[in-house]
Amino acid sequence: MAFNLIAINDLLMNYQNIYKENYVNLNMKNKSILIGFILATFLISILSVSFVKAVPDDSRNSSNSNNPFDKIWKAINELQEKISDIQHSIFNLQRQLNNVTLIPGPQGLPGISEVRIAIFNITQQMYNGADISCNSDEFATGGGTQWFGDAAHSGILEFYPTNERTWRVKISDNIDYGVGAVRLVCVKHA
């Protein structure tokens, strides 16, 4: 009798192990089938909803309805109309852009052939305002100051163009002679 119980116990343990192995394999297959089914259902529902136009039920008076779904359908229809209008506007703009013909304009200025920095030492005239200029074949494009040592306590008060070759400069009277210079960038066109 004891022998039979041991054999029955071993037999039950074997069946239990076989069941566990098959259950795990079957469970993994079931999970992948279930996930595939859920994804397919989700895709079908999304596609079917996206192709259906929202139309309220005409059998009841939807304008006086307090039903929130009627309001949602109405809002969806309005959004669809706005999106359609925007798409038509974009299409019309693209058509206009495609039909544009470019007409070349006049020839521009020639390129730059030379850049020079003209340096003007500070003079008494610059305290009251003075004009500094490039050569007659050059154009002034900007400038700045150059200070030597620690003697400069302040700088340019005015610095602006008066014509294409000349700039007006006014220096603070706190600057001593020989302490710095004013630089003007002069450009020669090709």
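The values are calculated or read from the model by the stated rules, or taken from the named source; none is laboratory data. Bear in mind that the values here come from a model prediction, so they are computed numbers and not experimental data. Glycine also receives a Cβ, built like all others from the backbone with ideal geometry; neighbour counts cover every protein chain displayed.
List of remarks:
- Among the candidates 160, 177, residue that is modelled with pLDDT of 80 or more and either surrounded by fewer than 13 Cβ atoms within 10 Å (Cβ to Cβ) or acidic (Asp, Glu) (or both): 160
- Checked against (1) exposed (fewer than 13 other Cβ atoms within 10 Å of the Cβ); (2) at pLDDT 75 or above, residue 169 meets all criteria but (1).
- Annotation for the range 84-93: no member residue is touching a residue at least 24 places away in the same chain (Cβ under 8 Å), out of contact with any helix residue (DSSP H, G or I) (no Cβ under 9 Å at 6 or more places or on another chain) and surrounded by 10 or more Cβ atoms within 10 Å (Cβ to Cβ).
- Qualifying residue in the range 127-142 (condition: on the phi > 0 side of the Ramachandran plot, within 40 Å of the chain's Cα centre (by Cα) and either of a type in the set (S, T, N, Q) or modelled with pLDDT under 85 (or both)): yes
- Test: residue in the range 59-70 that is of a type in the set (Lys, Arg), modelled with pLDDT under 70 and not in a helix (DSSP H, G or I): yes
- Residue among 107, 146 that is touching a Gly at 6+ places or on another chain (Cβ under 9 Å) and either modelled with pLDDT under 90 or within 15 Å of residue 186 (Cβ to Cβ) (or both): 146
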